[in-house]
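The values are calculated or read from the model by the stated rules, or taken from the named source; none is laboratory data. From a predicted model like this one, the values you see are computed outputs, not experimental measurements. Heads up, the Cβs are rebuilt from the backbone with ideal geometry, glycines too, and the neighbour counts pull from every protein chain shown. With ligands, DNA and RNA removed, areas are computed over all heavy atoms of the protein, side chains included. Shrake-Rupley method; radii C 1.70, N 1.55, O 1.52, S 1.80 Å.
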Amino acid sequence: MSLTSAYQHKLAEKLTILNDRGQGVLIRMYNIKKTCSDPKSKPPFLLEKSMESSLKYINKKFPNIDVRNSTQHLGPVHREKSEIIRFLTNYYQSFVDVMEFRDHVYELLNTIDACQCHFDINLNFDFTRSYLDLIVTYTSVILLLSRIEDRRVLIGMYNCAHEMLHGHGDPSFARLGQMVLEYDHPLKKLTEEFGPHTKAVSEALLSLHFLFVRRNQGAEQWRSAQLLSLISTPPAMINPANSDTMACEYLSVEVMERWIIIGFLLCNACLNSNSQCQKLWKLCLQGSLYITLIREDVLQVHKVTEDLFSSWKGYGKRVADIKESKEHVIANSGQFHCQRRQFLRMAVKELESVLTDEPGLLGPKALYVFMALSFIRDEVTWLVRHTENVTKTKTPEDYADSSIAELLFLLEEIRALVRRHIKVIQQYHLQYLARFDALVLSDIIQNLSVCPEEESIIMSSFVSTLSSLNLKQVESGEKFEFSGLRLDWFRLQAYTSVAKAPLHLHENPDLAKVMNLIVFHSRMLDSVENILVETSDLSTFCFHLRTFEKMFAMTLEEPSMLRYAIAFPLICAHFVHCTHEMCPEEYPHLKNHGLHHCNSFLEELAKQTSNCVLEICAEQRNLSEQLLPKHCATTISKAKNKKIMKQKQTPRKGEPERDKPGAESHRKNRSIVTNMDKLHLNLTELALTMNHVHSFSVFEHTIFPSEYLSSHLEARLNRAIVWLAGYNATTQEIARPSELLAGVKAYISFIQSLAQFVGADVSRVIRNALLQQTQPLDSCGEQTITTFYTNWYLESLLRQASSGTIILSPAMQAFISLPREGEQNFSAEEFSDISEMRALAELLGPYGMKFLSENLMWHVTSQIVELKKLVVENMDVLVQIRSNFSKADLMASLLPQLIGADNVLKRMTIIGVILTFRAMAQEGLREVFSSHCPFLMGPIECLKEFVTPDTDIKVTLSVFELASAAGVGCDIDPALVAAIANLKAGYNNNIHCLTKAIIQVSAALFTLYNKNIETHLKEFLVVASVSLLQLGQETDKLKTRNRESISLLMRLVVEESSFLTLDMLESCFPYVLLRNAYREVSRAFHLNRVAASTH
């Protein structure tokens, strides 16, 4: 064939287009196979009962289906013909694409044979690679087609529906049906078709021999050669890493295995006639049990080859070779690859460390980087496909690697390093191209003995393109584009590889060497990302998810591998590379897989990290708890009785010496590992992995690992705080607020110390968690400490205070428990003194205290409802008393008419108890607020002072509500006003709490009904005083009981109210009576104490 024909055939262009098209067709066949094998995604017609007979008929008669005379069998198809056409068009056209692809492939292969092309991977790399890729892709398409069980039904049903709808079958059906029949036994048919191509295929494969042998060396040979080491020869560290066959150095071994296995499977005649072919084939058979066709679809190498060769005569020795190779693989390949992975872990770690320290070396040593990535990818993919497919083995450890995470991590680290220093690589290789490659190429072109015009034009354009490069292009961020140059070189390879070419590439190897170098250098300028994908893409995990998850689980079980676990979510970003424009329907599924697994991996890592953090927090809390004041009683007691203890003999066995706080830090031997040591080590590893990257992208989504950790920490911290409270609704047990606060502070202190290590915004985590605990429910809808403490104080402490088993001690400013047996299981003073109220306010904050107040007010309003009923019941009598309080005779007859006076007293006392507790809680809030926000407290208190009785009531309530939120006491309680407004209804027994009830309730009611508080309280004082004075004239002791105590209550009412003064009281109730009342109450108290002590 003439040279002109070689130009016209456009072999390079056709190989490029067909390889890309073939990948698309292959993915479509894979997608159809996957869809039809899953009942959930299978076309609905294939599952309908009514279609069963039609499907059987089509399958049986395919491809000769008589549509017109088979109405009995094809009735269901006729009824749904339009729907079948709509649904199956894509399937049918995909099969037609296979047929057309097959036609173009055979046309091109015949053309190549006619041109007598010469293939050598070391010289015309792109030409040879594209040729072998096309053969493998085509074979994979045919094998996948034969694996689609419903192929006949899909094609036949579509054609039947087409004929029913249009009156004739699809024009492509006859040829398509025949092709499907021919490939029922695909390998036999393929070997027949490839017989004529044996010479070209075997020549291309044999050119791989030296490379394949070198790339299949064991770990010991790699170690002896100090493979990938930059520091083995320091003087040569900055020398450029070059090779005569640059692209071959990082060519995937898996790709070569696929070429060799499938190539010799189709062109097997040369195995009996050529010893070199036989050696290469046997070496390849000793590498893997499975090779990948596409994604998780594999070819079981030895079984398929043995089955095919066994059916032919003269292949007995080859069958024996296959069996021997299989035994060798089973016995040795597992350990062989395990040792290589171990070597790569050490070698690539060293490479990564050196390049991180000296990124300038990425220029001259870029080849090492891509070699390392390719080697890792080969080992990982070998492990994945064998782990997935080798189910029965005597040595399962050969197909499991607990340290695989480190290898994946190093791969990601190298990729990140290249991306980070892309400009270093570009600057170096731009100068290399312009100042070295262009000059060498120019010299070689001038020394060529023969150089046709077309080739001369192409090569001259190479020189001019390279010579025009300058560093300013890199500095200005210019985007480089050398794909045209590389395609021209591909064309040149095709032109110079045909038999009758004037310029033969194999006669001018220097040209091939320098052009291979130029291609690599040009890719360092414009295609670094493409080479990264080519050498390190692990999107295969998208189709081996079970193995992927298993590897992740093994990593989590290995403490030393935890720091590398971030590699798994990072690899999910690779999944985008397995998409193809010819199969867009796959994209959403692949995207879901990538995001789902990235999310699940990060969720698990965040969960483990937060668990570890909270376990350490719990340990820190235990240590902190030892420092609580309650634990120093023993130490104080021992110190006090030191002299007595010395006189005694040694302590009894039942009294072991208690360790003092800090004893856990004393160690006699540092090799002793405590639980805290293990937790800190685990946390260090997990923190390294969670903090490794700030963010990364997976299918257009930006992922922030720190956000996962923040979310988990927040949820766990919320649960931990609730757990520390120890609330038990059944037994009504709860931790003291001060103890809970100490525990929470221990947790927070440790979490704050992690800020710079875990990468999460711990301040935000703490703020959110604590803020949620000030609400009744947290973000998960769970009850918080605000709810627990509100319930406990209402149901336990205040309920018992209302019943008299707990009383208020004004001197101690706390509720205290009376020593009554079986009444309560806690000391009220331990939960209600000043320090506990401060701790409660610190924990619950203004929001939580507001919630507590609202619940307290609800109980107050429930008492007011009952009081209103009593007022309504006694309304007539009360009106008369108010009008006639100065008439002693009439009052004497009116007072006995009051119904439920004791009930009023009891309910007002309950209200007083509740309001007193609220005042104590508010005081605690005021102190905490003053401590945290003194700059806010000053203005609030100042604003409150400006409020006078003449101020508009709405303004007054607004100011008081602000002050109340800060814990400042107010003349009018806005919470009580709001509670009553919403209602719209209107000593040992804690009787001293009655004064607060009278003042607060009256102020709230008078405010609500727009009455003058001072006027009405004066009126109350007059009525009460007159009633007390009239009691002095009574002779009935029953009526005059507790008269002195009531007189003292009058004094307390005046002291409690800001609207009443002692002068007002003196005007209607002589002070001498108060003095006498004090004396009588004191005398009665002492008499009771004497009687009690005598008893």
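Of all trypsin sites (Lys or Arg not before Pro) in the stretch 19-80, which ones are in loop regions per DSSP and have a Cβ with at most 15 other Cβ atoms within 10 Å?
Filter output for the stretch 19-80: K40, R68.
In Å², what does the accessible area per residue of the chain work out to with a 1.4 Å probe?
Per-residue value: 47 Å².
Could you please put D889, D677 in sequence from largest to smallest accessible area, using a 1.4 Å probe?
Ranked from most to least accessible, the order is D889, D677.
Determine the relative contact order of the stretch 12-184: mean sequence separation of Cα pairs under 8 Å and six or more apart, normalised by residue count, in whole percent.
Relative contact order comes out at 39 percent.
Assuming 0.36 nm per residue, please report the length gained on full extension of the stretch W723 to E581 beyond their Cα-Cα distance.
Contour length minus Cα-Cα distance gives 45.7 nm.
So how do 799-808, 362-371 stack up, highest first, on mean other-Cβ count within 10 Å?
362-371, 799-808
Taking a ≥ b ≥ c as the square roots of the Cα gyration tensor eigenvalues, with a/c under 1.5 meaning rounded and otherwise prolate when a/b beats b/c, else oblate, which class fits the stretch 321-470?
Note, shape of the stretch 321-470 comes out oblate.
Can you give the accessible area of S232 in Å² (nearest 10), computed on protein heavy atoms with a 1.4 Å probe?
S232 has an accessible surface of roughly 40 Å² with all protein chains in place.
For the stretch 478-541, which trypsin sites (Lys or Arg not before Pro) are both in a DSSP coil and crowded by at most 13 other Cβ atoms within 10 Å?
Listed in order of number, the matching sites are K479, K500.
Which percent of the accessible area of the chain is formed by carbon and sulfur heavy atoms (probe 1.4 angstrom)?
Carbon and sulfur: 53 percent of the exposed surface of the chain.
Please compute the length gained on full extension between L898 and S461, using 0.36 nm multiplied by the number of residues separating them and subtracting their Cα-Cα distance.
Between L898 and S461, full extension yields 145.6 nm more.
Would you mind classifying the stretch 657-812 by shape? Square roots of the alpha carbon gyration tensor eigenvalues, ordered a ≥ b ≥ c; an a/c under 1.5 is rounded, otherwise it is prolate if a/b is larger than b/c and oblate if not.
oblate
Please work out whether the stretch 315-372 counts as rounded, prolate or oblate from its C-alpha gyration tensor, where a ≥ b ≥ c are the square roots of the eigenvalues and a/c under 1.5 means rounded, while otherwise a/b larger than b/c means prolate and anything else oblate?
Oblate.
Could you work out the relative contact order of the stretch 758-809? I mean the mean sequence separation of Cα pairs under 8 Å and 6+ apart, divided by the number of residues, in percent.
So the answer I get is 18 percent.
Within 10 Å, count the other beta carbons around each residue, average over each peptide in 138-144, 726-732, 937-943, and list them highest first.
Result, highest mean Cβ count within 10 Å first: 138-144, 937-943, 726-732.
So what are the chain's ellipsoid semi-axes, whole angstrom, largest first, if each one is the square root of 5 times an eigenvalue of the alpha-carbon gyration tensor?
91, 36, 29
Show that you can apply the helix-only estimate: for the chain, add -39,500 (n - 2.57) for every DSSP H stretch of four or more residues, divide by all residues, and state [θ] at 222 nm to the nearest 500.
-21500 deg cm²/dmol
Mind ranking F87, F757 by accessible surface for me, highest first, 1.4 Å probe?
Of F87, F757, the descending order of accessible area is F757, F87.
Once R0 is set to 22 Å, what does the formula 1/(1 + (r/R0)^6) return for the Cβ-Cβ distance between N599 and D38, expressed as a FRET efficiency to the nearest 0.05?
The computed FRET efficiency comes out at 0.45.
At R0 = 60 Å, how high is the FRET efficiency between E52 and Q8 if r is their beta carbon distance? Nearest 0.05 is fine.
Rounded to the nearest 0.05, the efficiency is 0.65.
If you take the beta carbon distance between D103 and N272 as r and set R0 to 41 Å, what does 1/(1 + (r/R0)^6) give as a FRET efficiency, to the nearest 0.05?
The value I calculate is 0.85.
How about the stretch 476-535: which GluC sites (Glu not before Pro) there are in a DSSP loop, with at most 12 other Cβ atoms within 10 Å of their Cβ?
E478, E481
At a threshold of 8 angstrom on Cα-Cα distance, excluding pairs fewer than six apart, so keeping six or more, what relative contact order does the stretch 242-339 reach in percent?
Computed value for the stretch 242-339: 23 percent relative contact order.
Peptides 178-184, 924-930: what's the order by average Cβ count within 10 Å, highest mean first?
Per-residue mean Cβ counts within 10 Å order the peptides as 924-930, 178-184.
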